Amino acid sequence: MRLENLAGAREALRGLARVVKTTRQTLATVIQEQRQAGRQLSYRPGQLAETLHHLEDVREGFILSQRTSLPMSSEELRVLVQHVLLDWDWLQSLNLAFSPADEIETPQPQLLYFNHALVALGALPHLPAQAVTFPQKRPTYADVTAPGLPGELLARIEEIERVIYQTEAMPSRALAYDPLRRTYAFFEASTWLVNNYLEALLKD
């Protein structure tokens, strides 16, 4: 990706680092409190608003990254069209909707965020045990395979969006275990990448 504004790219990366870290911490709090029945939640709606905006950018980056020259079956194309243009029932069921943008944005940050998400999803099954903090029997995400096809990748992005929306809209409601674990794992892998690779590059 060609970045026309290096300072802007560094600022976008700093924002990415902040979002993935705070989201992992927030989800960890939600998980801990939901496991302790009867305890009043300290989470309040609004804490994940920045995460939702970031995930919108990740989705846009995915769409911008696709090219008609890519080899893609008609079934895969149908799935992509279904996801991108038609399948918004889950969002409407939460009484949520996207607000129209007030200004045109350059696509560089979206592509940057998408590529980071792509790397995080690929790294997720290989995270070292000491980096895995989700409450489970063994500290591993080896069973969470990286999405291969574009449709699978978009479906995973949408699952992460859905879990964050549900957490934001209904923080006291228990979330489905597997989607929550995969979403938490994504932000854990993202945080691991930031801590081990990104922050060193952003130091002045």
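Each reported figure results from applying straightforward, stated rules to the coordinates on display, with no laboratory input. Predicted model, so just to flag it, every value in this text is computed and none were measured. Don't worry about glycine lacking a Cβ; one is built from the backbone with ideal geometry, like all the others, and counts go over all protein chains shown.
Peptide packing: for 181-192, 156-167, the average count of neighbouring Cβ atoms within 10 Å per residue gives the ranking 181-192, 156-167, highest mean first. For the stretch 142-204, what does the alpha-carbon gyration tensor say about shape, rounded, prolate or oblate, given a ≥ b ≥ c as the root eigenvalues, a/c under 1.5 as rounded, and a/b over b/c as prolate? Cα axes put the stretch 142-204 in the oblate bin.
On a full-extension model of 0.36 nm per residue, what is the gain between K137 and A169, subtracting their alpha-carbon distance, rounded to one decimal in nm? Write down the numbers at each step before the final one.
On the way: separation 32, 0.36 × 32 = 11.52 nm, distance 2.92 nm.
In short, 8.6 nm is gained.
Summary of packing: across the peptides 109-116, 53-60, 137-144, the per-residue average of other C-beta atoms within 10 Å ranks them, highest first, as 109-116, 53-60, 137-144.
Site pair R10 and A146 shows an inter-label distance of 2.9 nm when each label is modelled 7 Å from Cα along Cα→Cβ. The length gained on full extension between A176 and N195, counted as 0.36 nm times the residue separation minus their Cα-Cα distance, comes to 4.0 nm.
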